[in-house]
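Engineer: Below you'll find the structure I mean.
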Amino acid sequence: MLIPTKNIRDWKNLQDTVANFFREMGYEVRSPHVVQHVRGSKEVDVYVSDPRTSIPHVILIECKHWGSNLPQETVHSFRTVMSDCGANTGIIVGSTGFQSGAKKAVAYSNIELRTWESLQLAYGNEWLLCQKERLNPLLAKLKLIDGLYLDEWETPKTLHNLMRFDHTGRLSELYDLLEEGRMLILGMSAGPRSYDQPGPIETQVYDGYKGAVPDRYGLPVVRHDDVRAWFQWAEQCSMSLLERIDLLEEEVFQAFDALDSKSADAAFDKTLESICEEAPIRLLRSIVGEDEYHRLLGLLANRSISDGSPPTA
């Protein structure tokens with residue numbers, strides 16, 4: 001997640017990078033922004049407000065891309081703006097550092113002195129949490145779709161949901177998308193351990209995945225340069241996959257609805273037959289009686305021992 005100071009090109013790039021950093025954490029950001037105060041108005045580099053708080057919390061940020069440490073005069077002028085406009089917190093971000101006088105000038109004040117890299121470290125855990133929160137709705141939807149079509153514990157539901165795809169010849173397309181979905185679910189459920197986890201970060205994928213390379217065990221993975229790149233990949237891939245699933249579902253449902261009644265009835269009959277075939281034998285207990293029920297269980301137990309398959313009850 002850390003962007004090195006050496007990657008900052010100039011003052012404007014530092015300002016834009018700081019502004020985007022706070023946007024990534026869910027803050028409302030205006031850059032630049034003119035604030036009103038008792039003496040008139042003043043333009044600040046970055047104006048940050050937190051929409052999640054009941055009482056507004058405002059942060060003013062000044063960005064200085066100088067070739068030397070910042071002097072105390074920079075702090076004095078910024079303190080005047082802070083006191084006149086009523087902001088909660090002020091941050092001066094310098095690409096190098098600060099003179100001792102500047103550090104003394106912020107003592108017992110609501111102004112922080114940060115280099116670009118120390119700013120990232122100070123907000124790193126919050127940044128990581130916000131990135132995970134952004135992925136949570138996407139992960140939840142992927143899990144919901146997986147359960148609709150691949151839930152082994154609710155066979156009737158699964159077979160019913162697959163019916164339209166099967167009878168319109170699009171089942172293999174769905175399975176390809178679901179395979180990609182399971183890959184993302186597994187990858188997103190793990191994710192980076194910390195905001196400063198060094199790269200490259202590897203995510204296991206299926207054979208043939210675009211951009212995959214073998215890891216040290218020969219398994220296909222995609223490599224991400226850092227934590228930020230991993231989150232960008234996870235979000236973009238999830239959104240793309242969900243859009244493709246939505247489009248496929250829409251096309252399949254329209255095609256199935258266009259079937260004549262005879263074809264639709266045949267599809268439902270075939271699905272009902274499959275559901276009955278997959279039903280556990282415990283549903284037959286009251287019909288076949290105890291002796292026959294336990295005989296069937298014995299047959300399944302013998303089969304599972306001979307071929308290693310789990311018994312069905």
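Engineer: Report, in deg cm²/dmol and to the nearest 500, the calculated mean residue ellipticity at 222 nm for the chain, where each DSSP H run with n ≥ 4 adds -39500 (n - 2.57) and the sum is divided by the residue count.
Structural biologist: Taken over the chain, the calculation gives -18500 deg cm²/dmol.
Engineer: Counting only complete DSSP H runs, which helices of the chain cover 30 Å or more along their long axis at the Cα atoms and score a mean Kyte-Doolittle of -0.5 or above?
Structural biologist: Going by DSSP H runs, the hits are 124-150, 227-257.
Engineer: Same structure, new question: Describe numerically, in nm with one decimal, the distance between label points set 7 Å from Cα along Cα→Cβ at ALA229 and at SER189.
Structural biologist: 2.6
Engineer: Let me ask something else. With bins 10 Å wide starting at 0, give me the P(r) of the range 138-195 over every alpha carbon pair, in whole percents.
Structural biologist: P(r) over the range 138-195, rounded to whole percents: 22, 47, 23, 7, 2.
Engineer: Something else now. What FRET efficiency would be calculated for the residue pair ASP260, LEU283, taking the C-beta separation as r and a Förster radius of 30 Å, to the nearest 0.05?
Structural biologist: Once rounded, the FRET efficiency stands at 0.35.
Engineer: Shifting gears a bit: Give me the percent relative contact order of the chain, please, defined on Cα pairs under 8 angstrom at least 6 residues apart.
Structural biologist: Over the chain, the number comes to 12 percent.
Engineer: Quick check for the chain: number of Lys pairs with alpha-carbon distance under 24 Å, counting only pairs 8 or more apart or on different chains?
Structural biologist: Final tally of qualifying lysine pairs is 17.
Engineer: Quick check for you: which residues of the range 248-264 have the amide N under 20 Å from the point 7 Å beyond the Cα of ASP176 toward its beta carbon?
Structural biologist: From the range 248-264, the list is 248-256.
Engineer: Could you tell me how far the Cα centroid of the range 176-222 sits from the Cα centroid of the range 93-152, in Å?
Structural biologist: Here the answer is 23 Å between Cα centres.
Engineer: A further question on this structure: Which values of log₁₀ I(q)/I(0), to two decimal places, follow from the Debye formula for the range 1-60 at q = 0.12, 0.13, 0.16, 0.29 Å⁻¹ with a uniform point scatterer at every Cα?
Structural biologist: -0.35, -0.40, -0.58, -1.18
Engineer: Now for a different question. If I model a spin label as a point 7 Å beyond the Cα along the Cα-Cβ vector, how far apart are those points for ARG30 and GLU273 in nm?
Structural biologist: Distance between label points: 6.8 nm.
Engineer: Using the per-residue mean of other Cβ atoms lying within 10 Å as a proxy for protection, in what order, highest first, do the peptides 156-164, 129-137 fall?
Structural biologist: 156-164, 129-137
Engineer: Across 10 Å bins from 0, what is the distribution of all Cα-Cα pair distances for the chain, in whole percents?
Structural biologist: Result returned by the calculation: 5, 18, 20, 17, 15, 11, 8, 5, 2, 0.
Engineer: When the Cα atoms of the range 24-155 are enclosed in a convex hull and the volume is divided per residue, what value in Å³ results?
Structural biologist: Enclosed volume per residue, from the Cα hull, is 152 Å³.
A short reminder: the numbers here are calculations on the coordinates, not readings from a lab. Quick caveat: nothing in here was measured; it's all calculated off a predicted structure. Because the Cβ atoms are built from the backbone with ideal geometry, glycine has one as well, and the counts that use them run over all protein chains shown.
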